[in-house]
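Chemist: Right, I'll just put the structure down here and ask away after.
The numbers here are math on the coordinates, done by the rules we state, and not lab data. Computed from a prediction, not measured in an experiment: that's the story for all the values here. Here the Cβ positions follow ideal geometry from the backbone for every residue, glycine too, while neighbour counts run over all protein chains shown.
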Amino acid sequence: MNFLQLRSVTRGLLQSKIGLCMRITAIILLAGCLQVSARGYSQEKVTLHLRNVSLEKAFDAVFNVTGYHYLGNSKSLSLYQHVTVDVKDATLDETLHKILEGTPLTYHLEDRFIILTQRPAVVPQHFMEDGQPPLTIHGKITDKNGKPLAGASVSLVGTNRGTSTDEAGNFSLDSVPVNGVLLISHVGYDAIEKRVKKGESIDIRLDQHVAVLNDVSVTYQTGYQSISRERATGSFTQPEKEMFDNRISPDVVSKLEGITSGLLFNRDATGNSSLLIRGLSTINASTAPLVVLDNFPYDGDLNSINPNDVESVTILKDAAAASIYGVRAGNGVIVITTKKGRINQPLRIDVTANYTVSGRPNLNYNRNFLDSKDFIGFEQTMFSQGYYANYFKKTYNIPVSPVVEMLEAEARGQLSAADVNALIASLSQIDIRNELSKYFYRGLGNQQYAISLTGGSDKSSYLMSIGYDKDLSNLVNNTNQRLTINSVATFRPIRNLEINGGITYLTGKTYANSIVNNLSSGGINNNAIYPYAQLADAQGNPLPVVRDFRDSFSVAQQANGFQNWLYYPLKEKNWSDNTTTTSDTRLRTDVKYSIIPGVSVEGLYTYETGTNYNRIIYSDSTYYTRNLINRYSATQNKKFSSYVIPPGGILNQTTSQYFSNNGRIQLDINQNFRNDVWALVGGFEVRQVKGTINTPTTMYGYDPNTDASSFVNFTTYYPTYPFGSNTIPYQFNLEHTLNRYRSYFLNTSYAIHGKYITSVSGRIDQTNLFGEKTNAKTIPLGSVGEKWNISREKFYRINWLPLLDVRATYGFNGNIINNGTAYTTELSANNGTLYFPPSFLQVSSPGNPSLTWERIKIANFGADFALLPKRTITGSIEYFIKRGVDLIGSEAVPSSTGFTTATLNYADMKGKGWDLSITSDNLRGRLQWTTQFILSYATDVVTNYKGDITTFIVPGKPVESLFAYKWAGLDPQTGDPMGYDTTGKVSKDYGQLTAETAGQDKYSGRTIPTTFGGLRNTFHYGPFTFSFNISYKFGYNFLRPSINYTNLITAWKGNVDYVNRWQAPGDEKKTNVPSIPTLPLDQTRDLFYAGSAALVTSGNHIRLQDVLIKYDLPIRKWKISTFKSLSVEAYGNNLGLLWKANKFGIDPDYQAANYVNPRTVSFSLKATL
């Protein structure tokens, strides 16, 4: 079956499956809009015997028995009389009615929370005080950020009269006496009293109750269940929601940087980041954490998730938290939960519009650049030493810079010295970076729009959202667009049955037509553009630059019948089309049925499919096309004879697809036994992920208007002009992957009196990747955990430490690597094409029947605390130890096996570290000041290793170790670099010095930060919010880039260190940069210096990550009734370094980058209708 047939079959299967899933989900969404009655889940049996206790103690007792949280505070409850409750096997509803009997309070249940509101009261028709007529009071209640608080209680002190706020936070109360006192309260907020004044409109902002913030209101989402923080034994962390929501970014991940404990954004030398949770746990497998989106692992692009659809993000860091995900959880888990509608919620419309701008990148940051004056000076030095003599004798016309051409012309008497000096003086004033910045870079401009509609009745709920992004990159001609549509519905057709369904569709298009990354002078060394190149004349007309051949050769070929062989960078940027089209569809449904109170069974299914289609069209005008046509043209006497590659464009295309099916059936139990709570979730899960990559053969002579192309023979060797021979370049690839997983899981916990919590989890994973026998395909994983809420003990009387608990967990997670299996795998020989299929197969991976899973053992010890009576300071501290065993990698095997390497379980490692998170409420009142500090430390060491020592994996050292050649300074007489050989003697034998193994080189620290975190301060004053975040990284080093003379002379690639080179005896006392080498060049001299301890540089730094200014508009004062809330925001990101350890001007997050990502400023408008 050829790839066209496969593509047709795949499309048919895809369309069939999507059609079926869409029909099922459409039924669910339609049913979600039906007005079908539903009843709450409030039938738990309760037994209580309470005598003359406060309401607060009564609700604490209810929690201990049922697990239902009261979110109020002692100040509001203390206003009411004590109660006596004596019930046996009563329902929760009956118990709550008994407790609230005789009070002006009523309630409703939402999830596992008891929401109290003021009971509607009959207001007398006439009320007089001191002879003054009563008032009608209007007002609005909001939180500290100006967000309306629906359901807030407003009562007249001394009476049983009151009201509650509507969805917009507004209220109205009639017949209020002058100087009467109103009590305003809301669950989860500190109550306040307000004396009534005539003619005054009451606008109140409530402070969230600290005890609530740091105790019962925090719920962790694991993808399998929701766990309240007080019952969680494992290590979880969440970004503070307000902080996360206020950050402006086109993706979810970047909003987590610097505000999430244990999560490191590890950047490589060019600034690209990867995520690490608590350091490394593997050597060759993926280090990325597992991403879970709405209950299932997500196989799409994480950057494609619309951040405006995200409700919460939870990081699972230890075995107890993450072991339920088994073999894929070894690197930690990021659980993303998207927004949903709510039962009994009126229609709510949220609109967000963001616009982000930045300036052009600063290209002068690039250290791998030598300015024109110094570059020309180096060329003159090399010319005087005779280095370029052979360049002008060779027949194949390798590229030569304009200055060297002029020096050669002067030597031949074709130019005078005065003319050459004048031309060189003129060229010395040119800086290619200025022209690159002018023509190829621009200020960034990103637009982001989102609108969502949510609502529900007592019978159903819904959410629909649309997001659109248009991003203009800093690179001219690079643009990205994304459209996201999301729909979720919930309905309850009969008692105890809940059905959810959702569809998410994403489509995007990326144009990557900038040629900056391919801008070069070509040749066999892929020379860089010389720094004095001119891209345009004074009138802006494009000018050619040297590319692949000497200018004289390129100019002459058009007269010989060839196509124009000159290279015009400014024309090239408009002559190619590199477009990637993406689409992603996710359909999900789950059905939950409550068998009896506290026991339910749930079935969940998610289907995902994604397609990525990349098309690159090189028009017939591009240098790439013209060069290939000319090189493969038939010639006679060095003149064009006929075409081998037909005239026209060139088309390369690749389509990659994935299809993911996830299904789960689980049993949920949440039972209360007097003062104890038992929770259990267990079930069965299956998962299949199919992937295809289809790269059809390159098409030549391509016409995009007719989609026509011409046949080309890819197997014949043709002579290439002006030298050599080769086959015509092409790409062809067809790959299929299929991974299947089957899992059984169980997670249970038991809480005694809300004080002692024990958790146990177990999971069995099976896959088709490992073991020929069934037991080798299977791995059991699990965890145990304990937690002691010490501050709930009767003996606990530490007023300054009102909250204290300790916890400990131990368990196993796993890891998986897909480039090795238990079975021998085959790969088509790479000489196959669509027209000439391969005649044989080659083995790409020898089978290993004993290959097994990577396992990660993790122990975690933690404590949560709150300081001062009002819990002004809250936080947690954790210490972890982990050990990776049976790590997978390539190991040398005897050649008699027919292979040089095989995939084996070949290494072990261990790690340790700790996380500290502290939140301090420094000021309360109208001016509020909150500080959040996070500090994480993580390190690792290889304990056993059987692989190749030249890979710089050394037992006893970290995985990402930095080894450097031992440095002995510069030779005082010549400026040559010197090192120490294996005997400890100073040496300049660079071949020997660079041949040493990693164990003999100098260990120079880690390349990954060991200590990292952030410090955020947030201020609220009235409607204004101001915050700034400082991030930091310590404990790592890098090799800074420096001058490489071989690259400078052969590939025109310089470095700013050239100006600090050794030039005379004595310079070795003030510089470590070697002198210009004598000819012939010794590449090992440059290799030794580039890897020497002289270039080891500290990466420690502190960065101003972002600054936020937000203003909540007083829409009530302005009498704008259309909006429930309206805010504007300015947000600055990547604002620069505050401090760095190195003195070389290097940003450690961009060690070898051409530029540091420019600081951005975003403006946002958010409205709720």
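Chemist: Please report the base-10 log of the normalised intensity I(q)/I(0) for the chain, using a Debye sum with one equal scatterer per alpha carbon and no solvent, at each q in 0.05 (1/Å).
Modeler: Result of the Debye calculation: -0.43.
Chemist: With r defined as the distance between the Cβ atoms of I877 and N1157 and R0 fixed at 30 Å, what FRET efficiency is calculated, to the nearest 0.05?
Modeler: 0.35
Chemist: Just to check I understand the Karplus step: with θ = phi - 60° and J = 6.51 cos²θ - 1.76 cosθ + 1.60, what whole-Hz values come out for segment 567-584, glycine and proline as x?
Modeler: 10, 10, x, 5, 7, 4, 5, 10, 10, 10, 9, 10, 10, 10, 10, 10, 8, 8
Chemist: Rounded to the nearest 500, what is the 222 nm mean residue ellipticity of the chain from helices alone, with -39500 (n - 2.57) per DSSP H run of 4+ residues and division by all residues?
Modeler: The helix-only estimate for the chain comes to -3500 deg cm²/dmol at 222 nm.
Chemist: Here is a follow-up. Apply the Karplus parameterisation 6.51 cos²θ - 1.76 cosθ + 1.60, with θ equal to phi minus 60°, to every residue of segment 633-643 and state each ³J(HN,Hα) to the nearest whole Hz, in sequence, with x for glycine and proline.
Modeler: Per-residue couplings from phi come out as 5, 6, 10, 9, 6, 6, 10, 4, 10, 7, 8 Hz.
Chemist: In what sequence, highest mean first, do 680-690, 956-966 appear when ranked by Cβ atoms within 10 angstrom?
Modeler: Per-residue mean Cβ counts within 10 Å order the peptides as 956-966, 680-690.
Chemist: To continue, here is another question. So for K1124, K241, fewest C-beta neighbours within 10 Å to most, what's the order?
Modeler: Least crowded to most crowded, the residues run K241, K1124.
Chemist: Now for a different question. Give the order of D921, D86, D93, D915 when sorted by the count of other beta carbons within 10 angstrom, beginning with the fewest.
Modeler: Going from sparsest to densest Cβ surroundings: D86, D93, D921, D915.
Chemist: With a Förster radius of 25 Å, plug the Cβ-Cβ distance of H49 and R797 into 1/(1 + (r/R0)^6) and report the FRET value to the nearest 0.05.
Modeler: The pair H49/R797 has a calculated efficiency of 0.50.
Chemist: Still on this structure, I have one more. Cross-link candidates for K988: which aspartates and glutamates have Cα within less than 16 Å, leaving aside residues fewer than 8 places away along the same chain?
Modeler: Within the straight-line cut-off, K988 pairs with D971, D976, E996, D1001, E1068, D1082, D1086.
Chemist: State which entries of K88/K194; K194/K339; K255/K509; K787/K1110; K957/K1140 exceed 30 angstrom in Cα-Cα distance in the structure shown.
Modeler: K88/K194; K194/K339; K787/K1110
Chemist: Applying the Karplus parametrisation 6.51 cos²θ - 1.76 cosθ + 1.60 with θ = phi - 60° to the phi angles of segment 456-462, what ³J(HN,Hα) value in whole Hz is obtained for each residue in order, glycine and proline being reported as x?
Modeler: x, 10, 6, 10, 6, 8, 8
Chemist: Still on this structure, please answer the following. Does a label point 7 Å from the Cα of F1034, set along Cα-to-beta-carbon, have any residues of segment 1130-1149 with amide nitrogen under 16 Å, and which are they?
Modeler: From segment 1130-1149, the list is 1138-1142.
Chemist: Another one. Taking square-rooted eigenvalues a ≥ b ≥ c of the alpha carbon gyration tensor, is segment 601-657 rounded, prolate or oblate, where a/c under 1.5 means rounded and, failing that, a/b exceeding b/c means prolate?
Modeler: The shape class here is prolate.
Chemist: Measuring from label point to label point, each 7 Å out along Cα→Cβ, what is the K438 to F723 span in nm?
Modeler: 3.6
Chemist: Quick one: order W1052, W800, W1062 by neighbouring beta-carbon count within 10 Å, fewest to most.
Modeler: W800, W1062, W1052
Chemist: For segment 213-341, what does the relative contact order come out to in percent, with C-alpha contacts under 8 Å and a separation of six or more?
Modeler: 30
Chemist: How far apart, in nm, are two points set 7 Å out from the Cα along the Cα-to-Cβ line at E735 and at Q539?
Modeler: Result: 5.1 nm between the two label points.
Chemist: Same structure, new question: In nm, give the distance between the simple-model label positions of V157 and L868, each being 7 Å from the Cα along the Cα-to-Cβ direction.
Modeler: 2.5
Chemist: Now a separate question. Between beta-carbons, use under 14 Å as the cut-off and find the net charge around V420, counting Lys and Arg +1, Asp and Glu -1.
Modeler: Once all neighbours under 14 Å are counted, the net charge is -4.
Chemist: Of the DSSP beta bridges with both residues in the chain, give the percent that are antiparallel, rounding to the nearest 5.
Modeler: Taking every DSSP beta bridge within the chain, about 95 percent pair in antiparallel fashion.
Chemist: Next up: Under a cut-off of 16 Å between alpha-carbon atoms, report the lysines in cross-link reach of K1117, not counting same-chain residues fewer than 8 places apart.
Modeler: Once the sequence-local lysines are set aside, what remains near K1117 is K140, K147.
Chemist: Moving to a separate point now. For segment 135-208, what does the alpha-carbon gyration tensor say about shape, rounded, prolate or oblate, given a ≥ b ≥ c as the root eigenvalues, a/c under 1.5 as rounded, and a/b over b/c as prolate?
Modeler: Prolate, since a/c reaches 1.5 and a/b exceeds b/c.
Chemist: For K638, give me every one of the lysines with a C-alpha distance below 27 angstrom, ignoring sequence neighbours fewer than eight places off in its own chain.
Modeler: The qualifying lysines are K393, K394.
Chemist: Take every Cα pair under 8 Å in the chain that's 6+ residues apart, average their separations, divide by the length, and report that relative contact order as a whole percent.
Modeler: Computed value for the chain: 11 percent relative contact order.
Chemist: What number comes out for the charge environment of Q1063, summing +1 per Lys or Arg and -1 per Asp or Glu over other residues with Cβ under 14 Å away?
Modeler: Surrounding charge for Q1063 is -3.
Chemist: Please compute the length gained on full extension between F684 and L1079, using 0.36 nm multiplied by the number of residues separating them and subtracting their Cα-Cα distance.
Modeler: Result for the pair: 135.2 nm of gain on full extension.
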